[in-house]
Structure formats: structure tokens, C-alpha cells
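The block underneath contains the structure these notes are about, expressed in C-alpha cells.
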Amino acid sequence: MLRIFLIRHGETEWNKQNRLQGNSDVHLSPEGFLQAMTLAEHAPFKHADAIYSSDLSRAMQTAKIIADKFNLKVKTMPSLREANYGDWEGRFISELVAESPRAFGKFFTDPERCHPPHGETFLECQARVMIGIREIIANHDDQNIIVVSHGAAIRLILGAALDMPIHKMWAIAQFNMALNVLRVDDGDITVELMNSTAHLY
């Protein structure tokens, strides 16, 4: 049995400001660093055998803090990146709602048909991140593996595991530094925990 501890990165300033991050390389805020250190000190798992991370700074910074606790080296995987929001990245969500109510409105109301200008669809993002998850599953057996990724990407991983349609992805909450647990038996994924932040309190 393989367990994957799927973790969203800590808080960034853009998270606080309600800006879309996507593939933009945003660093953790001071609060984000504190969140990562808190999880490392109060990790709800006793050991880990490997840790993988998106190659974006906010995920790698989170992963490095956790990796140091378990004497591991972070393995970066670009496939674990957040969805690419193209021309919408760096913009305030409130601005996008006001300027492009029809196009951006689909982001939350009809994500299956949302296509950011010069970005990727959530279907494309889901296919990409699941390639990464399947690669991790293929490379490990009977181990505890940590994976650090991003809000939408993790929702899409959980949605794939639960066979949920993409238009329901926002029904899954995913806070900064949230922990999700996947159990893998003979390639079949079971979701054991979602969006837990108990380690932060």
C-alpha cells in the first residue's frame, strides 16, 4: 500500500490579495513560511520516504522546509505545476470579474469550458498533473510519499481520484497548507482525507 500526502503550498502575498497566480513564480509570504514550518513540526505522519514538488518557488519553498524535517531531498516535477492562467495571471479576481464577466465568469461557474487567453484548460491541467501522479505511483510501493502542489491542481487530482466531473472542482475546498491523503492499492486511488489544516492549530 502506498500513501501520498498531497499538500498545498503555504500562503503567498498574491493569495492574500486575491490575485490569480497560475504559472507565475510567486514566493511564500512570511505567513506561508510559518505555515510550512508548523506543518513540518506537527506533521500528521511519522515518516516519509520521498518528497516531490512543483517547480514553482512557492511549492519548492514549502517542500524544502518539510524535506529538511525528514532528511529528504526535494524532487521537482514541472507536471505538478498550477494551471496556466495565461493573460489572467497576476490580475485581481475582482478586476477580471468586472472586465470580462462572460469569459472569466466561466472560471468558477463553468470551469470545464473555461479557457484563459494563452493559458490551458482545466482538462489539460488535469491530464498533465495526473501524468505526474501516475509516475510517482509507478516509482514507489509500500511507502509514504509527500507531494507539494497547488490549489486547482490538487482539486483536479482529487477530482480524478473521485471520478468527479471538472465542473464540480470548486466544490472541493483547498486552503493554503491543506493536507490531503491518497491511498493507492494496485494502482487504484482512494481518498482518505481532504483539506485538513488541523496541523496549523
| field | Sum of side-chain charges, Leu39 neighbourhood, beta-carbon under 15 Å (Lys, Arg +1; Asp, Glu -1) | value | +1
| Which order do peptides 91-97, 120-126 fall in by mean Cβ count within 10 Å, highest first? | 120-126, 91-97
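By per-residue mean of other Cβ atoms within 10 Å, what is the highest-first order of 77-85, 24-32? Numbers along the way, then the final one.
Numbers: 77-85: 22.2, 24-32: 17.1.
Per-residue Cβ counts within 10 Å, averaged per peptide and sorted highest first, yield 77-85, 24-32.
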| task | Can you tell me the relative contact order of the chain? Whole percent, Cα pairs under 8 Å, sequence separation 6 or more. | result | 32 percent
| Cα→Cβ-extended label distance, 7 Å offset, between Arg102 and Val191, nm | 3.4 nm
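Would you kindly state how much longer the chain becomes between Asp55 and Lys75 on full extension, computed as 0.36 nm times their sequence separation minus their alpha carbon distance, in nm to one decimal? Don't skip to the answer; put the middle values down first.
Numbers: separation 20, 0.36 × 20 = 7.20 nm, distance 0.88 nm.
Stretched fully, the Asp55-Lys75 segment lengthens by 6.3 nm.
Excluding Asp186 itself, calculate the net charge of residues whose Cβ lies under 13 Å from the Cβ of Asp186, where each Lys or Arg counts +1 and each Asp or Glu counts -1.
On the way: positive: Arg183; negative: Asp141, Asp142, Asp185, Asp188.
Local net charge: -3.
Count the lysine pairs in the chain that are 8 or more places apart or on different chains: how many have C-alpha atoms under 21 angstrom apart?
Numbers: Lys46/Lys64; Lys46/Lys69; Lys46/Lys73; Lys46/Lys75; Lys64/Lys73; Lys64/Lys75; Lys106/Lys168.
Going through the chain pair by pair, I get 7.
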| request: Using DSSP to define loop residues, name the trypsin sites (Lys or Arg not before Pro) in the stretch 1-56 whose beta-carbon has at most 16 other beta-carbon atoms within 10 Å. | output: Lys46
| task | Sticking with the crude label model, points 7 Å out along Cα→Cβ, report the distance from Leu123 to Lys16 in nm, one decimal please. | result | 3.9 nm
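In the stretch 1-76, what chymotrypsin sites (Phe, Trp or Tyr not before Pro) fall in a loop by DSSP, with at most 15 other Cβ atoms inside 10 Å?
Working: sites: Phe5, Trp14, Phe33, Phe45, Tyr52, Phe70; in loops: Phe45, Phe70.
The qualifying sites are Phe45.
No lab work stands behind these numbers, since they all come straight from the coordinates. All values derive from a computational prediction rather than experimental measurement. A quick note on method: Cβ atoms are made from the backbone with ideal geometry, for glycine too, and the neighbour counts reach across all protein chains shown.
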